[in-house]
Amino acid sequence: MNTILNELLRGLDPDQILTDEPMREHTTMRVGGPADLFLSPASPDQVLFILDTCARHQVPVAVVGNGSNLIVRDKGIRGAVLHLGQAFSAIEELPGCRLQAQSGASLSRLAQEALKSGLSGLEFASGIPGSVGGGVAMNAGAYGGELKDVLETATVLKDGKIITMTCGELEAGHRTTRVLREGGIVLSAVFRLESGDPDAIRSRMDDLNARRRDKQPLQYASSGSTFKRPAGHFAGALIEGCGLKGFRVGGASVSVKHAGFVINDRDATAGDVLSLIREIQERVLRETGVSLETEVRVLGEA
Ligand SMILES: Cc1cc2nc3c(=O)[nH]c(=O)nc-3n(C[C@H](O)[C@H](O)[C@H](O)COP(=O)(O)OP(=O)(O)OC[C@H]3O[C@@H](n4cnc5c(N)ncnc54)[C@H](O)[C@@H]3O)c2cc1C
C-alpha cells in the first residue's frame, strides 16, 4: 500500500487521496464499508495518472460520481475508487445554446446554469441528485425527459484513450448506455439546449420538484427508484400490490410513501438493503410473474 501511495503523491495532492474511506459517506443510501483508496482527481491528466498508476500496481479501479444510484457492500471496496466530484465540475457555456460540463458537476447545478443562461431542456434533471458523469452513463431521466434527449457528445476515457462519442454512439436505453455496459469513464459532456424564457424554465423546474417532494420519501436515505420500470408495468405499483409497503429487513424498509423506493430509515447495513431487494424480487415474481431488474448498482465485498 505504501508504494502505491508514494507514487500517487507524485501526481496528486495529499487531500486528493483518502485511505480506508467509509463509502457510506459517499452514497445517498448511507451504506457501505471502506474503500482502500478514495481518489478525487481534478483534471483528465490526473484521471489518466491514477489509472496508469493503479494498473501498474494491479489495483482495480471503480468509478463513482455522487453515489446516488449505488449500494456499496458492507466490507467495502478492495482497490481504488475514482471519485469524480466537486474538484472536477467546471461548467461552460458554448456557442449554439450548448453547455459543456465536467463529470463531477451535479445535475441540479447544470440545470441551474441552463436556467441562468436562458436555456431550456434540462428542467427534468434539476431534481435528480446525481452527477453529470453518472447521469450520462446511466442515461438518467424523469418526467418524460432523458439525458439522451439533450446530449450532443460525451468525452469518454476508454481502453486508455480519450475519445468523443456522439449521443448515438452511446446507444442509450432505459437507464443504460454503452459506457455502463462495456466500461469507460465519462469525463465531460456537451448538451444541446434551446433558448427559452427563464420564468417558464424556473416554473417548470419548481413544478417538477414539488411533484418529487409530494411523491418521493426525500427525508430518508435511499438510492431513488430501486428497480427499472418493467415493460407494461410500474415497479412501485407491483410492489404495493404484493402488500410490501412498509415491509422491512433490519434497518431497511419499503417506503410507505412510494413503494418503488427502498429506504434506509433505521441505520441499515448494505446486507439489510440487499436482502430486502432480493425478497421484493422474489415476492413480486411469485405473485405477479414479473421479474424486477435493479436500477441501483452494487459494488464491493459482502
Ligand atoms: C432521491 C433520489 C431520486 C432519484 N431520482 C432519479 C430520477 O428521477 N431519475 C433517474 O434517472 N435517477 C434518479 N435517481 C438515481 C440517480 O440519481 C441517478 O441514476 C444518477 O444519474 C446517478 O448519478 P451518480 O453520479 O450519483 O452516479 P453513481 O451512483 O455514483 O454511479 C452510478 C453508476 O454510474 C457509474 N458512473 C458514475 N460516474 C461515472 C462516470 N463519470 N463515468 C462512467 N460511469 C460512471 C458508476 O460506476 C455506477 O455504475 C435518484 C436517486 C435518489 C437518491
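Couplings 3J(HN,Hα) for the stretch 287-302, derived from phi with the Karplus relation 6.51 cos²θ - 1.76 cosθ + 1.60 (θ = phi - 60°), are 8, 10, x, 9, 8, 8, 9, 5, 8, 5, 9, 10, 10, x, 9, 7 Hz, where x marks Gly and Pro. In order along the stretch 250-265, the Karplus-derived 3J(HN,Hα) couplings, from 6.51 cos²θ - 1.76 cosθ + 1.60 at θ = phi - 60°, round to x, x, 10, 9, 7, 4, 6, 6, 8, 5, x, 9, 8, 10, 9, 10 Hz, and Gly and Pro are given as x.
Counted residue by residue at 0.36 nm each, then reduced by the alpha carbon distance between them, the extension gain from Arg109 to Ala210 reaches 34.6 nm. Of all aspartates and glutamates in the structure, those lying under 18 Å Cα to Cα from Lys75, and not within fewer than 8 positions of it along the same chain, are Asp20, Glu21, Glu25, Asp36, Asp267, Asp272, Glu301. The longest part of the chain holding none of the exposed loop trypsin sites (Lys or Arg not before Pro), meaning those outside H, G, I, E and B in DSSP with at most 12 other Cβ atoms within 10 Å, is 11-265. What the Cα atoms of the chain give is an Rg and a Dmax of 19.5, 57 Å. How far apart, in nm, are the 7 Å Cα→Cβ label points at Glu92 and Glu293? Label at Glu92, label at Glu293, 3.7 nm between them.
Restricting the stretch 141-226 to GluC sites (Glu not before Pro) that sit in a DSSP loop and have at most 16 other Cβ atoms within 10 Å of their own Cβ leaves Glu171. As a calculated quantity, the FRET efficiency between Ala55 and Glu171 at R0 = 35 Å, using C-beta atoms, amounts to about 0.85. Two decimals is fine: what is log10 I(q)/I(0) at q = 0.10, 0.12, 0.20, 0.21 Å⁻¹ for the stretch 89-200, from a Debye sum with one equal scatterer on every Cα and no solvent? Reported log10 I(q)/I(0), two decimals: -0.24, -0.35, -0.98, -1.09. Our coupling estimate for the stretch 86-95, obtained by passing each phi through the Karplus curve with A = 6.51, B = -1.76, C = 1.60 and θ = phi - 60°, is 3, 6, 9, 9, 5, 10, 9, 8, 10, x Hz, Gly and Pro reported as x. Gain on full extension, evaluated as 0.36 nm per residue between Ile163 and Lys245 minus their Cα-Cα distance, stands at 25.0 nm.
Just so you know, all these numbers are worked out from the coordinates, no wet-lab data involved. If you're wondering where the values come from, they're calculated on a predicted model, not measured in any experiment. Virtual Cβ from ideal backbone geometry, glycine too; neighbours counted across all protein chains shown.
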